[in-house]
Amino acid sequence: MKKILKSSGAQSFIASLACIFGGLLVGFLVLLAIEPTGAFQAILNVVKNFFYYSRTEMQLKYLGNTLVKSAPLLMCSLSILFSYKVGLFNIGAAGQYVMGSCACLYAALVLDWHWTACILFAAVAGALFGVITGLLKAYANVNEVISGIMLNWIGLYFTNMVLANAKDAASAYTYTLKAEGKAAILPSLGLNAIFGNNQYVGIAIPLSIIFAVLVWLILEKTKLGYELKATGFNRNAAKYCGMAEKRNIILSLAISGALAGMAGSFMYQTDMEQWQVTIASVPGMGFNGIAAAFLGGLSPIGAIFASFFIQHITDGGSNVDLSIYCSQISDLISSLIIYLCGFVGFLKYAMNSSNAGAEGKKTTEKEDSVKKDDKKGENK
Amino acid sequence: MVLLIQYTLLFACILSLVALGGCFSEHSGVINLGLEGIMVMGAMGGALMMKYLPDGTSAVMIVLATILASIILGAIYSLLLGVAAIHFKADQTLVGTAMNMLGVAMATVIVKSINTISNPDDHSSIVQYISEKKAFVININGFEFSWFMVLTLLIVIASYIVLYKTKFGLRLMACGEHPQAADSVGINVYKMRWAGVLISGALGGLGGICYITTGVSEWKFEYGVAGFGFLSLAVMIFGKWKPQNIVLAALLFGFFRALSNVYFGFDFLKNLNIPSGIYNMLPYVISLIVLAFTSKRSRAPKAEGIPYDKGTR
């Protein structure tokens, strides 16, 4: 048992569970404060999400919906954790996601490109925004969080302007891919049949998981990943070891941006939602990615489950009784989870020191018994 | 033209207030990236106060009560940052980000449920304060003078005096530069950092209410404050963490932000036929450019963002 507690993976898992529990608890208290009767049912509905529906077919269909949105969320969280490993907090993932959406929708609706080309274009657009942040960080020492936020807003207004060319004059939403860009719809690979004929389920889901594994491979098993992480631990030390620390910063933000950009295409090329060109706030996908990245203990594999969970409760939010509560309760819960993730370091420290304390006692006991043995020997 | 000056001053007020908030917190050694969320919470406090004040309240009372509510709510919300960053050594970037998201989500949930309880068909997150807002402005020949302008000026002067001319301010700044040295001469670093965080919460909350009373008389809380908390941090960096420079930086940024509100009032700008999106982008683009040129030689407090640990040397 103690051995398990000592392994860092298990500690991350326990810490994440504690964060989830804390977030749900406070969310429940807020619901209680709004209206006590039905609060428990409401939080239950949030946690249940697709289980809320009684028929298996409907459950599968809504599970499909959650999975469809989990894929871009996973990409965003990969983007954030990748740069975080390099010591950079890429809050600009939200803007890179927006730019990716812009690029893939423009390519799909106006240029009629094939879906693979659209994904690549989205990745390039996201990477471009990442590179801007990286250049500013490496050469002008601009805090990546602040430049990221600025780029988020620049990207949003830019996207609204560009995509205004890809919509009906009467509508605020871009054309559906079904109507104007059939070639860009992601293939379903027959996955839709499994999920109660949910037409949006498709290749994005397995692709995003493949990317998670790829990110893990790059970070853990390649020289590049080692160099990037070394730069993250200590920029100067990496420099003295002969690593191109400036190049590493820019490169990691470019990769990070490409991942977030592809998240945009995994979202909009399913044709599940259309871009609203009058939108006045940066979409939450990139920010939820932060929640998923930290909840997953900053491991790509953990991020897979964390992304699903965050999307699960976000979708579950719409199941609350909307005449009393509001669906933003799940935003509240996921942001609380991020806040609580700030305490993970302390929690791990506490777990380690309590383990060390227990071990310390053991060794002293052992020493005592050894001493006793010695004394016995002397007596003889 | 009058309109441009008016909005420039108003936006400069918001930016200076919030930037000063960031300035206090960073001088004490805590990076406050949660200013955006603090602004939202402060704005909500003020907006709800305006909503619930009885109809016959005098203008002075409205102004005082609203401002007080914003300041208190902003300061209370900043406790979240204080607890995590000062006592639990949490990653301040992460906590700040979480606070920004939490601020918007919490304000939306609270306002929506208030609206829904009073009217079951109302699911919006909008608070209206049309008549109360008039208490804040005095119309002088078309120029809408706002009490926030006076207040901001006073706070800027006060901040300068507090930071550079009082024992408290100098001690506060010592904690942001070298907390171990400050501790060795008997300054309580934790207390000073708490002071910095709480002041930044109060000023952030004040900036929030100033933001939602600028040009509009109702606010939809789902929107947050459109990156103003972060623009303020850019202002603070550009202003080199000094109150007197922060005001000037705020005026510059305020001007570009105001331009996007009133550009259609100028014929030559209108004739250029630039889409409104460009004007909306402008303050953010300018801030990026400015940051690129000023961050290299930044005079940031040396110990900012590093949790204080008595045991380290």
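The values are calculated or read from the model by the stated rules, or taken from the named source; none is laboratory data. Note that this is a predicted model, so its numbers are computed, not measured. Note that we place each Cβ from the backbone using ideal geometry, even for glycine, and neighbour counts take in every protein chain shown.
Comparison of B:F143, B:F88, B:F148 shows that the only residue that is within 20 Å of the chain's Cα centre (by Cα) and at pLDDT below 90 is B:F148. Cβ separations smaller than 6 Å between residues 6+ apart or across chains give the following pairs from segment B:284-303 residues that are surrounded by fewer than 16 Cβ atoms within 10 Å (Cβ to Cβ) to residues that are basic (K, R): B:R299/B:K240.
Counting only residues that are away from every other protein chain (no Cβ under 14 Å), touching a residue at least 24 places away in the same chain (Cβ under 8 Å) and more than 16 Å from A:F266 (Cα to Cα), segment A:157-195 holds 9 of them. Criterion applied to B:A174, B:A135 was being in a helix (DSSP H, G or I), among the hydrophobic types (A, V, I, L, M, F, W, C) and in contact (Cβ under 8 Å) with a residue 24 or more places away in the chain, and the one residue passing it is B:A135. Using the structure shown, decide if A:V131 is within 15 Å of A:S252 (Cβ to Cβ), assigned to a helix (DSSP H, G or I) and of a type in the set (V, I, T). For A:V131, the condition - within 15 Å of A:S252 (Cβ to Cβ), assigned to a helix (DSSP H, G or I) and of a type in the set (V, I, T) - is met. Of all the residues in segment B:264-313, those that are away from chain A (no Cβ under 14 Å), outside any loop (DSSP other than H, G, I, E, B) and among the aromatic types (F, W, Y) number 2.
Go over the candidates B:G96, B:G82 one by one and state the one that is facing chain A (nearest Cβ under 9 Å), farther than 26 Å from B:L64 by Cα and within 19 Å of the chain's Cα centre (by Cα). Every option except B:G96 fails the conditions. Scanning segment B:177-200 for residues that are part of a helix (DSSP H, G or I), among the β-branched types (V, I, T) and over 19 Å from the mean Cα position of the chain (by Cα) turns up just one, B:V189. Looking only at residues of segment A:84-143 that are farther than 24 Å from A:S299 by Cβ and polar (S, T, N, Q), we find that the one that is nearest to the other protein chains (Cβ to nearest Cβ) is A:N141.
The number of residues in segment A:15-36 being loosely packed, with under 15 Cβ neighbours inside 10 Å and closer than 12 Å to A:C341 by Cα comes to 2.
Hey, can you tell me all the residues within segment A:312-342 that are more than 17 Å from A:L298 (Cα to Cα) and among the polar types (S, T, N, Q)? Listed by number, the residues that qualify are A:T314, A:S318, A:N319, A:S323, A:S327, A:Q328, A:S330.
Would a scan of segment B:66-79 turn up a residue that is within 13 Å of chain A (Cβ to nearest Cβ), buried (at least 24 other Cβ atoms within 10 Å of the Cβ) and closer than 21 Å to A:L31 by Cβ? Checking segment B:66-79: at least one residue is within 13 Å of chain A (Cβ to nearest Cβ), buried (at least 24 other Cβ atoms within 10 Å of the Cβ) and closer than 21 Å to A:L31 by Cβ.
Residue-level analysis places A:Y53 among those that are modelled with pLDDT under 80, closer than 30 Å to A:S188 by Cα and hydroxyl-bearing (S, T, Y). The numbered conditions (1) closer than 30 Å to B:E36 by Cβ; (2) more than 20 Å from the chain's Cα centre (by Cα); (3) aliphatic (A, V, I, L, M); (4) in a helix (DSSP H, G or I) are all true for A:I149 except (2). Residues in segment B:99-116 that are farther than 30 Å from B:I306 by Cβ, in contact with a helix residue (DSSP H, G or I) (Cβ under 8 Å, 6 or more places away or on another chain) and more than 7 Å from chain A (Cβ to nearest Cβ): B:A107, B:I110, B:V111, B:I114. Annotation: of all residues in segment B:224-263 being among the charged types (D, E, K, R) and outside any helix (DSSP H, G or I), the one that is surrounded by the fewest Cβ atoms within 10 Å (Cβ to Cβ) is B:K240.
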